[in-house]
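S.K.: Below you will find the structure I want to go over with you.
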Amino acid sequence: MCGIVGGVAERNVVPILLEGLRRLEYRGYDSSGIAVLNKSNELQRVRALGKIKNLEAKIGQETETISGPIGISHTRWATHGVPSENNAHPHICNGKVAVVHNGIIENYQELKKDQQTDGYLFTSETDTEVIAHALHQQLEATDDLLKAVTQAIKHLDGAYALGVIAIDDPETLVVARKGSPLVIGVGIGEHFIASDVSALLPVTQNFMFLEEGDVAKITRQTVEIYNAKGQQVERPIKQSKLTSNSVELGEHKHYMHKEIFEQPQSVSDTLEGRVTPDQVLVSTFGHQAEEIFSKVQQIQIIACGTSYHSGLVAKYWFEDIIGMPCQVEVASEYRYRNPVIQDNTLFLTISQSGETADTLAALQKINSTRDVDAEGVSSIPTLTICNVAESSLTRESDLTCLTHAGPEIGVASTKAFTTQLVVLALLVTSVGKIHKRLKAGDERRIVEELHRLPNLINNALKHEESIQVIAESFTDKQHALFLGRGTMYPIAMEGALKLKEISYIHAEAYPAGELKHGPLALIDENMPVVAIAPLDDLLEKLKSNLQEVKARGGQMIVFEDEQSNISSEKDFTVIKAATNVGQIAAPITFNIALQLLSYHVAIIKGTDVDQPRNLAKSVTVE
């Protein structure tokens, strides 16, 4: 989704803003722009379509040097209006005020009509331009930028993170946040803003995280923050453990490849301090976790995309391992219906960024309707599994468990998904232990499996060369089918999603037992079929399904356990992708092979692996 970077300093901020935008490229965008107040107190703006390098080149071509100690910049992901230079941010009104915006203004058409009546001219198709005009209207009555922003946002319905500069208040940068994330980077005699901390790591590791409804006035020396009620508040300064080189490519050609190979370490980091040699620590989920989990009778999981798939795997675990009912629903559907949710349900949200708009809205819906007792305990407790400590979801949940995946830059999620599954395994074990639903030795078996997981993933990664050869068979393919049974069905869904995300091949996933109910009609020599064959109770059933595909001339690619005893033959390629994996490790380990397959198919197809078309990393608007 759109990215914001801004700053106020004694030095020229343009290089800092450009570097920040480069570090936000992973969020997905189609255009970019920058605006600064120069030393003559004039607004200078440059905008460009395409990559940040296009913006940088255009700045270099300007006859008048773009330079200034205060500025804002933006990467745009089109919502209202096509990708174009006119629709790119920042937007400026009458040379007086400039604004960048992440989010959607839902009442922009009504505001636009009124502003046109007042004589304002529109040069874009965006909803953001009404904000620039609204700010100008307020600045006609006051030269105080903070007051102007505070008054202007009262007329805005929807979601926004705003960065604003104006010639009437040339040493001030004002920001506002509602529904979209924004952080303030604290330097020495300078301050910066960004959509997330990764943009600012070259200049600071100290951050303030704005809360919902906050408005802040920022100068070189000071930060004043006001909450949604207009009261001045303090937000703590927190030090990020990330470093600027933690988001560098290193020896890898793409972030996705780097992040696939970081998964053994990410799993180790996720487990650190949360398991002993033979048990899971329930306190991993917070000091109230044991009390809350003891009352839980069912689980409701809400998530989107890849996180939804991790929830589907967990459903099998909850019901099969500990016999606890579990429902999983896509957040964008859940929030717009009237769900019946019983007391003593653990409401579990899963998100890589913690800012996913639909998932956050679903959580807020529950928070607004549930009853809380005198001790602050709800009959519908909430838990978020997330990769970002200071995200909106973590702040609005009763309990939080961070995945510790580290920065994930590639749009197609890899290590975030893997670490979500690890945390979900810890959760299933914790709840099962408290309810005494784990059979003798089950907790120790699960913990041993989790301890083995980094090594199992390393072994799976050793199959890259064989998978690369298989990927070549997709060169002229436009469609693919993925099959799995049990927990491998959601893994098949994840594999299909990855392939379509980054290679633009149409891919679908089905439970293998559903072949006769329709998908078998699609099978021919042009439809590769990818199947996952772990050594489990459903293996013989799966083998029968694979024979049905083979009999119809389909091209089969099977990722199997070494002990599954499926043999390669013409148009039936078998990769022994795992060995000796159990119920918890199997979906995680087999998914590694599917990640590598989608990556290498995308390379062959020549697509943009890390920033696939039309997609954004963090979906912070509907």
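The values are calculated or read from the model by the stated rules, or taken from the named source; none is laboratory data. Computed from a predicted model, the values in this text were never measured in an experiment. Glycine gets a Cβ as well: all are built from the backbone with ideal geometry, and neighbour counts include every protein chain shown. SASA here: full protein model, heavy atoms, side chains in, ligands and nucleic acids out. Shrake-Rupley method; radii C 1.70, N 1.55, O 1.52, S 1.80 Å.
S.K.: Counting only residues that are more than 19 Å from the chain's Cα centre (by Cα) and open to solvent by 20 Å² or more (accessible area, probe 1.4 Å), how many does the stretch 595-612 have?
M.R.: Of the residues in the stretch 595-612, 5 are more than 19 Å from the chain's Cα centre (by Cα) and open to solvent by 20 Å² or more (accessible area, probe 1.4 Å).
S.K.: Moving on. Kindly check whether there is at least one residue in the stretch 440-460 that is modelled with pLDDT under 90, under 30 Å from residue 288 (Cβ atoms), more than 28 Å from the chain's Cα centre (by Cα) and hydrophobic (A, V, I, L, M, F, W, C).
M.R.: yes
S.K.: Can you tell me which residue is nearest to residue 82 (Cα to Cα) among those in the stretch 42-64 that are exposed (fewer than 11 other Cβ atoms within 10 Å of the Cβ) and of a type in the set (S, T, N, Q)?
M.R.: Here the residue is 61.
S.K.: Any residue in the stretch 19-33 that is assigned to a loop (DSSP other than H, G, I, E, B) and open to solvent by 40 Å² or more (accessible area, probe 1.4 Å)?
M.R.: no
S.K.: Mind checking which pairs have a first residue in the stretch 302-324 that is over 20 Å from residue 366 (Cα atoms) and a second that is open to solvent by 20 Å² or more (accessible area, probe 1.4 Å) and assigned to a strand (DSSP E or B), Cβ under 7 Å, 6 or more apart or different chains?
M.R.: Close Cβ pairs satisfying both conditions: 312/328; 315/328; 324/298.
S.K.: Further, regarding this structure: Tell me yes or no: at least one residue of the stretch 32-45 is under 16 Å from residue 191 (Cβ atoms), of a type outside the set (Val, Ile, Thr) and out of contact with any Gly (no Cβ under 6 Å at 6 or more places or on another chain).
M.R.: The answer is no, given that none of the residues of the stretch 32-45 is under 16 Å from residue 191 (Cβ atoms), of a type outside the set (Val, Ile, Thr) and out of contact with any Gly (no Cβ under 6 Å at 6 or more places or on another chain).
S.K.: Okay, moving on. Just checking, does the stretch 104-121 include any residue being surrounded by 24 or more Cβ atoms within 10 Å (Cβ to Cβ) and either hydroxyl-bearing (Ser, Thr, Tyr) or not in a strand (DSSP E or B) (or both)?
M.R.: No, the stretch 104-121 contains no residue that is surrounded by 24 or more Cβ atoms within 10 Å (Cβ to Cβ) and either hydroxyl-bearing (Ser, Thr, Tyr) or not in a strand (DSSP E or B) (or both).
S.K.: Looking at 301, 292, which one is touching a strand residue (DSSP E or B) at 6+ places or on another chain (Cβ under 6 Å) and either outside any loop (DSSP other than H, G, I, E, B) or not aliphatic (A, V, I, L, M) (or both)?
M.R.: Unique residue meeting the criteria: 301.
S.K.: Quick one: count up the residues across the stretch 185-244 that are basic (Lys, Arg) and open to solvent by less than 10 Å² (accessible area, probe 1.4 Å).
M.R.: Looking only at that region, the number is 0.
S.K.: Here is a follow-up. Only one of 96, 58, 39 is modelled with pLDDT of 95 or more and more than 30 Å from residue 353 (Cα to Cα). Can you tell me which?
M.R.: Just one listed residue meets the conditions, 96.
S.K.: Could I ask something else about it? Show the residue pairs that are 6+ apart or on different chains and have beta-carbon atoms under 7 Å apart, the first residue being within the stretch 384-395 and part of a helix (DSSP H, G or I), the second being open to solvent by less than 40 Å² (accessible area, probe 1.4 Å) and of a type in the set (A, V, I, L, M, F, W, C).
M.R.: Sorted first by the residue in the stretch 384-395, then by its partner, the pairs are 392/360; 393/360; 393/363; 393/386; 394/386.
S.K.: Tally the residues that are part of a helix (DSSP H, G or I) and open to solvent by less than 50 Å² (accessible area, probe 1.4 Å), restricting the search to the stretch 434-461.
M.R.: Number of matching residues: 13.
S.K.: Something else: Yes or no: residue 416 in contact with a Ser or Thr (Cβ under 6 Å, 6 or more places away or on another chain), small (Gly, Ala, Ser) and in contact (Cβ under 8 Å) with a residue 24 or more places away in the chain?
M.R.: In short, no.
S.K.: Could you check how many residues of the stretch 125-165 are assigned to a loop (DSSP other than H, G, I, E, B) and more than 17 Å from residue 216 (Cβ to Cβ)?
M.R.: Going through the stretch 125-165 one residue at a time, the tally reaches 9.
S.K.: Further question: Just to be sure I understand, how many residues within the stretch 67-83 are modelled with pLDDT of 90 or more, surrounded by 19 or more Cβ atoms within 10 Å (Cβ to Cβ) and either in contact with an Asp or Glu (Cβ under 8 Å, 6 or more places away or on another chain) or over 17 Å from residue 101 (Cβ atoms) (or both)?
M.R.: 4
S.K.: Now for a different question. Which one of 429, 400 is touching a strand residue (DSSP E or B) at 6+ places or on another chain (Cβ under 6 Å), hydroxyl-bearing (Ser, Thr, Tyr), in a strand (DSSP E or B) and touching a residue at least 60 places away in the same chain (Cβ under 8 Å)?
M.R.: Answer to the selection: 400.
S.K.: Using beta carbons and a limit of 7 Å, which pairs, at least six apart or on different chains, have the first residue in the stretch 462-487 and in contact (Cβ under 8 Å) with a residue 12 or more places away in the chain and assigned to a loop (DSSP other than H, G, I, E, B) and the second one of a type in the set (Lys, Arg) and surrounded by fewer than 16 Cβ atoms within 10 Å (Cβ to Cβ)?
M.R.: These pairs meet every condition: 485/541.
S.K.: Considering the stretch 187-205 alone, what residues qualify as being farther than 19 Å from residue 11 by Cα and either in contact with a strand residue (DSSP E or B) (Cβ under 8 Å, 6 or more places away or on another chain) or at pLDDT 95 or above (or both)?
M.R.: 195, 196, 197
S.K.: Any idea which residue in the stretch 144-184 is farthest from residue 71 (Cα to Cα), counting only those that are of a type in the set (S, T, N, Q) and open to solvent by less than 20 Å² (accessible area, probe 1.4 Å)?
M.R.: Going through the qualifying residues, I end up with 180.
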